[in-house]
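First up is the structure itself, then whatever we jot down about it.
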Amino acid sequence: MEKRQWYMEYKIHKNRPGLLGNIASLLGMMSVNILTINGVEDRTRGMLLETDDDGKIDLLGQMLAKMDYITVNKLRPPTLLDILAVRHGRYIERDSDDKKTFRFTRDELGVLVDFLGEIFKREGNQVIGLRGMPRVGKTESIIAGSVCSNKRWTFVSSTLLRQTVRSQLSEEEMNPNSIFIIDGIVSTMRSNERHYALIQELMAMPATKIIEHPDIFIKESHYDYSTFDTIIELRNTPDEEISYEAITNGFHDF
């Protein structure tokens, strides 16, 4: 049977000496490999495991359920959030009502870049929205995430490069393996018909598009919230309000 990865997470009720060693020994005797281990949040530990026998995972869960010092919370094939939790020792905050919205603060840029890098590795059509105030690190995170995913990035519109508004891309740039970066304000409030035609062509391509200021993009175009697969919010502080009024006022003067 082919080897598969599993994510195990358990809550520690009493962290007695030798507890981790006992669990590791049990996994070793069952020939279940520990790929990564880390503390995740308060008194919680996560492990990324690997085995070629799914039955061993079922048996492991039954055996650990008999231990008084821990409670197994999760034992499943790993999700992207599970993998990142083990890597960074913390969970990515997710909106409780809107499951496709994820929240980061500026001091978590390393986690955000890793998150974007993993998403960018996916093939096919996906649209990602990135909310945040100016100079919070949105564009820098996108570029760093593109580097992590080993993919080329292309600015279709941007305020970073003197309000770039592209009307056409070269054949080489129109590569579905590229990351297309779109500024939602520039593309809808500072663009022309040729640029918007390019946006429509890109949106139909089986490629990754990441749109800064997605709310303005939705408001000023025919696309809606369902267009987006993932929404990311980046703030300087957890309680910072993301407001577009000051940003968009200058665009109405043109």
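The values are calculated or read from the model by the stated rules, or taken from the named source; none is laboratory data. Source: prediction; values computed, not measured. Every residue, glycine as well, gets a Cβ built from its backbone with ideal geometry; the counts of neighbours run over all protein chains shown. Accessible surface areas use protein heavy atoms only, side chains included; no ligands, DNA or RNA. Shrake-Rupley method; radii C 1.70, N 1.55, O 1.52, S 1.80 Å.
List every residue pair whose Cβ atoms lie under 9 Å apart, where the two residues are 6 or more positions apart in sequence or sit on different chains, the first residue falls within the stretch 206-225 and is at positive phi, and the second residue, located anywhere, is part of a strand (DSSP E or B) and not basic (Lys, Arg).
Correct list of pairs: His213/Gly129; His213/Leu130; His213/Asp183.
List the pairs whose first member sits in the stretch 19-35 and is at pLDDT 95 or above, whose second member is open to solvent by 70 Å² or more (accessible area, probe 1.4 Å) and hydrophobic (A, V, I, L, M, F, W, C), and whose Cβ atoms are under 7 Å apart, counting only residues at least 6 apart or on separate chains?
Pairs that qualify, where the first residue is at pLDDT 95 or above and the partner is open to solvent by 70 Å² or more (accessible area, probe 1.4 Å) and hydrophobic (A, V, I, L, M, F, W, C): there are none.
Can you pull out every residue in the stretch 205-227 that is in a loop (DSSP other than H, G, I, E, B) and over 19 Å from Asn177 (Cα atoms)? Quick ask: steps written out before the conclusion?
Applying the first criterion (in a loop (DSSP other than H, G, I, E, B)) to the stretch 205-227 yields 205-207, 213, 220-224.
Answer for the stretch 205-227, where residues must be in a loop (DSSP other than H, G, I, E, B) and over 19 Å from Asn177 (Cα atoms): His213, Glu220, Ser221, His222, Tyr223, Asp224.
Among the residues of the stretch 122-151, how many are part of a loop (DSSP other than H, G, I, E, B), without any contact (Cβ under 8 Å) to a residue 60 or more places away in the chain and surrounded by 14 or more Cβ atoms within 10 Å (Cβ to Cβ)?
Result for the stretch 122-151: 2.
Look through the stretch 154-207, keep the residues that are surrounded by fewer than 18 Cβ atoms within 10 Å (Cβ to Cβ) and basic (Lys, Arg), and return whichever of them is farthest from Asn125 (Cα to Cα).
By that ranking, first place goes to Arg162.
Which condition from (1) within 30 Å of Arg235 (Cβ to Cβ); (2) part of a strand (DSSP E or B) is the one that Arg90 breaks?
(2)
Given the residues Ile199, Ile181, which is the only one that is assigned to a strand (DSSP E or B) and either of a type in the set (A, V, I, L, M) or within 20 Å of the chain's Cα centre (by Cα) (or both)? Explain how you work it out, then say what you get.
Working: Ile199 fails: assigned to a strand (DSSP E or B).
Answer to the selection: Ile181.
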